[in-house]
Structure formats: structure tokens, C-alpha cells
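Here is the structure we will look at, set down as C-alpha cells.
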Amino acid sequence: MNSMSRIRTLVSKAILSQRLTLKIEQAIHRELQEQKYISDEDYVAIDLLMRAVDNGRIETR
């Protein structure tokens with residue numbers, strides 16, 4: 001499985017645009033609810049995004 005997950009695609013979009021919009025945040029949340037699990041790769045991506053938000057490198061809303 002070489003395709004990037006929807007969660008990692010959304011995280012990449014937020015990081016590249018340097019903005020975590022409400023739309024992206026809700027889409028990530030929706031994906032997590034639908035999958036009912038999180039892969040190691042998705043966990044790392046979300047952790048990276050949250051660290052970037054905490055450090056002020058990513059704008060929120």
C-alpha cells in the first residue's frame with residue numbers, strides 16, 4: 001500500500017499552506033471517527049502537525 005492515507009493528505013495540506021483551517025480540522029476528525037483506529041504513520045503525521053501548531057509555525061482558523 002503506497003498511497004498516502006486521507007489523514008496524511010489533510011495534514012500535508014495544512015503544513016504546506018501553514019494553516020489548519022476548521023475545514024481541514026473537521027475532515028481529520030471525521031476520518032478518525034470513520035476509521036476507528038490510527039496507523040503509526042497517521043499518528044506521526046498528526047503529532048507533527050500538532051507540534052507545528054504549538055510552536056506557532058501553523059496558523060489555526
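Values quoted throughout were computed directly from the atomic coordinates according to the rules given, and no laboratory measurement underlies them. What you see is a predicted model; the values in this text were computed from it and never measured.
Comparing A27, A14, A45 in a Gaussian network model of the chain (Cα springs below 10 Å), the most mobile by mean-square fluctuation is A27.
Using C-alpha pairs below 8 Å separated by at least 6 residues, the relative contact order for the chain is 48 percent. Cα axis of helix 40-54 to longest principal axis of the chain: angle in degrees, 0 to 90, nearest 10? Once rounded, one gets 10 degrees. Our compactness index for the chain, the C-alpha radius of gyration over the empirical 2.2 N^0.38 Å, is 1.05.
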